[in-house]
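Quick notes on the structure that follows.
The values are calculated or read from the model by the stated rules, or taken from the named source; none is laboratory data. Remember, it's a predicted structure, so these values are computed and weren't measured experimentally. Using ideal geometry, Cβ is built from the backbone for each residue, glycine included, and neighbour counts are taken over all protein chains shown. Just the protein is used for accessible areas: all its heavy atoms, side chains included, with ligands, DNA and RNA removed. Shrake-Rupley method; radii C 1.70, N 1.55, O 1.52, S 1.80 Å.
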Amino acid sequence: MVELTASAPFDAGMERTIGAVTLRAAETGPVTALMPYAGQERALSAALERAHGLEFPAAGRMTSAGQARCLWSGLDQAMLIGVEPDPALADHAAVVAQSDGWAALTLTGDAVADVLARLVPVDLRPAAFEQGASIRSELGHMMVILARTGPQQVTVMGFRSMAGTLLHELENAMTALAARPKG
Amino acid sequence: MLADATGRGIAETGTTTYRPPYVPVPIAAFGAGSQGMGFAPRRLTTSDAAARARGAVMIETGLWYRPAYFPQPGETHWRQSCDREVAMVRGHVGVCDVSTLGKIDVQGPDAAAFLDFVYAGTMSTLKVGRVRYGLMLREDGFVMDDGTAARLGERHFVITTTTAAAGQVMRHLDWVQQGLCPDMDVRFVSVTEQWAQFAVTGPMAQALLAGLIDAPLDGADWPFMACGAVTVGGIAGRLFRISFSGEAGYEIAVPARYGAALYRELVARAEAAGGGAYGLEALNVMRIEKGFITHAEIHGRVTAADVGMGRMVAAGKDCVGKVMAARPGLTEDRQVLVGLRPVGVVRQVIAGAHLFPADGPVSPETDLGYITSAAYSPTLGTMLALGFVRGGRERLGQTLRMIDHMRGIEAICEVTDPVAYDPDGGRMRG
Amino acid sequence: MRLPCPLCGSRDHREFTYQGAAVMLDRPAPDAGAEAWDSYVHLRDNPAGATRELWYHGAGCGAWLVVARDTVTHAVFGAELARQVRR
């Protein structure tokens, strides 16, 4: 029987620190798109709570419980991350595997919002983009999901095929920011 | 200068209106890093590294990079590689990464009804485990895109789009669902990135895949246009028996993390069977030999009937574009899809060239049509073309005068059926 | 220009694509006749002033929106989900 080895979008343990910002490859675990059917959002949320301990997020928000997180990712859509979806969810929603489609990174440091300000046309400073926020926007010319996962940390998810460009754009922005004269 | 021209003094003429920038700024600063490879995102398939390691010459399709051909030692011109790859696929087996085509997962109680509305054809009658080719029309009646719909379950379809139109189709589906059919209970999401998908095609394709997937691969279990779940080394994948080359063919999909490994495995096994990897040049030659259309033909100003697929617009149901496709301006006196091949001294047909009657004046008034795709067919030993000609179906066997006004090349062509190779499709259907 | 997406909040216009006048929501019945269909597909008013337009939040939530704005002053009055307008 053939054996297929798995490849990740970034090298395991990939990490870059430029200036005061550190970029790391993020291991998401399973990623599943959940899209509740007509009138089923509340039932889906109840099923999510029973199975995984968290509710279906409101627009622009993230819910979490233990290893599981649910990031709002669009109209009638959220991504369940970190756990395989319970079969009962399919009674209320389209449940579609996305574990292989995304490249995820975390950006950590004081100047994270300043780095992203060069690439994303949304105010991502902590006051405007608080803990538990999850939005969809563009980074450069790429569609991304952005979530604030810490006071000084933002998680970025982009398409797997554009992982290289995602890394390149962020490194350029971090370098440019670090090159600015201090004070 | 203006002072001189108007005969006034400099002080009286004044200055132009001040507009920023007020000091010189290098153009590169406006570019903000968008130079070279930074100009646009690069989309790379899971087989990209392996293809480049094999010396593939890459070509851009939108933001994607795909192999055009794989030059072998001794090959110095792309035609040598392309001709070899075509013969390799038709004689043995070829492997091509087709992950870039849009793939959309469509589910819900109204999934079938929704697809009946966005496709010209009927998808609700598609049986579970079967695939159907489909055209999507624009509301003005012209063809927007073509692809396939695969039914994986009663309420579960996976549809494909062309690489270039994937984003446009997704936007269109969102429009139809939210703007026109908000009461339809259907949900969809792109899975283009989720699945790595490879075409495995040629007389040896079934044997190659039979040795790779975990369950037996019997032609009877997988008739032409069948689809379903398979496992490869215990990994859950999908198999589709479809062909764009015209040979017995399959497409095998695995979650993208296994794409690189599966590609290496497929190519190694193909090479062991006298075949190997092929690129877009060979893929294009083979589909032209089969008369299969691409966006070169469905360029936004052709209807389903123009490409010989009028019967694919189902009579008994409404769909986007149904009404306008039937308007007199789009049904009478049209330029329709034909094949062309050179029969005179000049053995060339050229995409973009126009077609005129064999005798008589050459003018916009006598212009009968144009060529959309052309390639040298190593299989048939001649150049072949597809194009659109007024009254084309009534002109089979006639000769026309092809003129490429830009390059100054003329040739005499015969009008043929678009399908030049294996017209009955026996090699595909098995 | 910024558009007020009901789901995402105020966003820069680069996240959106413009489709055209909101009359596109009023698709005629198949048997409405040639004039109704020609008008639906090809004919549009071009107001200098208040207009209702369809915009797609493609780089955001994927929602189709009906945006009320003024083509002379460029003021944006508001936006609602297209699917709610239909209902």
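Translational D (Stokes-Einstein, µm²/s) of segment B:59-170 at 20 °C and 1.002 mPa s when Rh comes from the Kirkwood sum over C-alpha pairs?
Working: Rh = 16.3 Å.
It comes out at roughly 131 µm²/s.
Compactness ratio of segment A:123-181: Cα Rg over 2.2 N^0.38 Å, N = residue count? Kindly include the intermediate steps, with their values, before the conclusion.
Numbers: Rg = 12.3 Å, N = 59, 2.2 N^0.38 = 10.4 Å.
Rg over 2.2 N^0.38 Å, computed on Cα atoms: 1.18.
List the GluC sites (Glu not before Pro) within segment B:81-167 that DSSP assigns to loop and that have no more than 12 neighbouring Cβ atoms inside 10 Å. Working shown, then result.
Values: sites: B:Glu85, B:Glu139, B:Glu154; in loops: B:Glu139, B:Glu154.
For GluC sites (Glu not before Pro) across segment B:81-167 that sit outside H, G, I, E and B with at most 12 neighbouring Cβ atoms in 10 Å, the list reads B:Glu154.
Can you give me the % of accessible surface on segment C:2-86 that is carbon or sulfur? Probe 1.4 Å, all protein chains present, nothing else counted. Numbers along the way, then the final one.
On the way: 2110 of 4220 Å².
Of all accessible area on segment C:2-86, carbon and sulfur atoms account for 50 percent.
What residues does segment B:165-179 have that are buried by at least 30 Å² of accessible area in the full protein assembly compared to the chain on its own, 1.4 angstrom probe?
B:Arg171, B:Asp174, B:Trp175, B:Gln178, B:Gly179
Residues of segment B:189-299: accessible area per residue at 1.4 Å, in Å²?
Details: 3190 Å² over 111 residues.
On a per-residue basis, 29 Å².
Could you list the square roots of 5 times each eigenvalue of the Cα gyration tensor of segment A:1-135, that is, the equivalent ellipsoid semi-axes, sorted largest first and rounded to whole Å?
On the way: eigenvalues 159, 94, 27 Å².
Working from the Cα gyration tensor, I get semi-axes of 28, 22, 12 Å.
For segment B:140-279, which whole percent of the accessible surface, found with a 1.4 angstrom probe, sits on carbon and sulfur atoms? Present the calculation step by step, with values, prior to reporting the outcome.
On the way: 2130 of 4050 Å².
On segment B:140-279, the fraction of accessible area on carbon and sulfur atoms equals 53 percent.
Could you give me the percent of Cα pairs per 10 Å distance bin for the protein assembly as shown, shortest bin first, beginning at zero and ending with the bin that holds the maximum distance?
Calculated over all Cα pairs of the protein assembly as shown, the distribution is 3, 13, 21, 24, 20, 12, 5, 1, 0, 0 percent.
According to the Cα gyration tensor, what semi-axes, each the square root of 5 times an eigenvalue, does the equivalent ellipsoid of segment B:164-205 have, listed from largest to smallest in whole Å? Provide the component values of the computation, followed by the final result.
Numbers: eigenvalues 198, 26, 21 Å².
Equivalent-ellipsoid dimensions as semi-axes: 31, 11, 10 Å.
D for segment B:333-416, whole µm²/s, Stokes-Einstein with Kirkwood Rh over alpha-carbon pairs at 37 °C and 0.692 mPa s: what number?
Working: Rh = 12.4 Å.
Value of D from the Cα-based Kirkwood radius: 265 µm²/s.
Just the C-alpha atoms of segment B:178-278: what Rg/Rh do they give, with Rh taken as the Kirkwood radius? Present the calculation step by step, with values, prior to reporting the outcome.
On the way: Rg = 15.7 Å, Rh = 14.7 Å.
Expressed as Rg/Rh, it is 1.06.
Am I reading the B/A interface right? What is its buried accessible area, both sides, 1.4 Å probe, to the nearest 100 Å²?
2700
Order of B:87-95, B:308-316 by packing, highest average Cβ count within 10 Å first?
By packing density, highest mean first, the sequence is B:87-95, B:308-316.
Placing unit charges on C-beta atoms (Lys and Arg positive, Asp and Glu negative, everything else neutral), compute the dipole magnitude of chain A about its Cα centre in debye, rounded to 20. Can you show the working numbers first?
Details: 13 positive and 19 negative charges, 112 e Å.
Result for chain A is approximately 540 debye, rounded to the nearest 20.
In the protein assembly as shown, if the dipole is taken from +1 on Lys/Arg beta carbons and -1 on Asp/Glu beta carbons about the Cα centre, which of A:Ala127, B:Cys96, B:Val158 is farthest to the positive end?
After comparing all options, I get A:Ala127.
In vacuo Debye scattering of segment B:45-91, one point per C-alpha: log10 I(q)/I(0) at q = 0.19 Å⁻¹?
With no solvent term, the Cα-only Debye profile gives -0.64.
Give me the orientation-averaged projected area of the Cα convex hull of segment A:31-97, in nm², one decimal. Write down the numbers at each step before the final one.
Working: hull surface 14.5 nm².
In nm², the orientation-averaged hull projection of segment A:31-97 is 3.6.
Which of the helices in chain B, when you take each full DSSP H run, stretch at least 15 Å along the axis at their Cα atoms and have an average Kyte-Doolittle score of 0.0 or higher? Kindly include the intermediate steps, with their values, before the conclusion.
Numbers: long enough: B:78-91 (19 Å, -0.82); B:259-272 (20 Å, 0.22).
Both cut-offs are met by B:259-272.
Taking every pair of alpha-carbon atoms in segment B:288-430, give the share separated by more than 26 Å as a whole percent. Before the final figure, lay out the partial values.
Numbers: 2692 of 10153 pairs.
Considering segment B:288-430, 27 percent of its Cα-Cα pairs are separated by more than 26 Å.
Take the Cα coordinates of segment B:100-154, assign each an equal point scatterer, and use the Debye formula without solvent to give log10 I(q)/I(0) at q = 0.21 Å⁻¹.
For segment B:100-154, the Cα-only Debye profile gives -0.79.
Between 0 and 90 degrees, rounded to the nearest ten: what's the tilt of helix A:163-178 against the longest Cα principal axis of chain A?
On a 0 to 90 degree scale, this one is about 40.
To the nearest 20 debye, what charge dipole does chain B have about its Cα centre, counting +1 at the Cβ of each Lys and Arg and -1 at the Cβ of each Asp and Glu?
Numbers: 41 positive and 44 negative charges, 101 e Å.
Roughly 480 debye for chain B.
If I compute solvent accessible area with a 1.4 Å probe over the protein chains, what percent of it on chain A is carbon and sulfur? Intermediate values should be presented prior to the final figure.
Numbers: 3780 of 7750 Å².
The computed percentage sits at 49.
Using the heavy atoms of the protein chains and a 1.4 angstrom probe, tell me the accessible area per residue for segment A:1-148 in square angstrom. Walk me through the intermediate numbers first.
Details: 6180 Å² over 148 residues.
Here the per-residue accessible area is 42 Å².
For segment B:128-202, what is the Kirkwood hydrodynamic radius in Å, using each pair of distinct C-alpha atoms? If you can, show how the numbers build up before the last one.
Values: mean 1/r = 0.0720 Å⁻¹.
Value: 13.9 Å, from the Cα pair sum.
Counting only protein heavy atoms, probe 1.4 Å: which residues of segment A:1-49 lose 20 Å² or more of accessible surface in the full assembly compared with their chain by itself?
Correct list: A:Met1, A:Val2, A:Leu4, A:Thr5, A:Ala6, A:Ser7, A:Met35, A:Tyr37, A:Ala38.
Residues of segment A:56-93 that become at least 40 Å² less accessible with every protein chain present than in their own chain isolated, using 1.4 Å: which are they?
At a threshold of 40 Å² (probe 1.4 Å), the residues of segment A:56-93 that become less exposed are A:Trp72, A:Leu75, A:Asp76.
I'd like to compare B:190-197, B:379-386, B:352-359: which one has the highest average count of other Cβ atoms within 10 Å, and what's the full order after that?
B:190-197, B:379-386, B:352-359
On each of the three principal axes of the Cα atoms of segment B:207-327, give max minus min coordinate, whole Å, ordered largest first.
53, 32, 29 Å, listed from the longest principal axis down.
Please go through segment A:95-183 and write out the trypsin sites (Lys or Arg not before Pro) that DSSP classes as loop and that have at most 10 other C-beta atoms within 10 Å. Intermediate values should be presented prior to the final figure.
Working: sites: A:Arg118, A:Arg136, A:Arg148, A:Arg160, A:Lys182; in loops: A:Arg118, A:Lys182.
Passing sites in segment A:95-183 are A:Lys182.
Rounded to two decimals, what is Rg over Rh for segment B:271-318 when you use alpha-carbon atoms and the Kirkwood radius? List each step's numbers first, then the result.
Numbers: Rg = 16.1 Å, Rh = 13.5 Å.
Ratio of gyration radius to Kirkwood radius for segment B:271-318: 1.20.
Taking segment A:1-90, which GluC sites (Glu not before Pro) meet the DSSP loop condition and have no more than 14 other C-beta atoms within 10 Å?
A:Glu3, A:Glu27
What does chain B give for Rg and for Dmax, in Å, if only its C-alpha atoms count?
Using the Cα atoms of chain B, the pair Rg, Dmax is 25.3, 93 Å.
Rounded to the nearest 500, what is chain B's calculated 222 nm mean residue ellipticity when only DSSP H runs of at least 4 contribute -39500 (n - 2.57) each, over all residues?
Working: 13 runs with 94 residues, N = 430.
One gets -5500 deg cm²/dmol as the mean residue ellipticity at 222 nm.
With every protein chain in place, what's the accessible area of A:Ile18 (1.4 Å probe, Å², nearest 10)?
My reading of the accessible area for A:Ile18 is about 40 Å².
Would you calculate the convex hull of the Cα atoms in segment C:2-86 and tell me its volume per residue in Å³?
Cα convex hull per residue, to the nearest whole number: 94 Å³.
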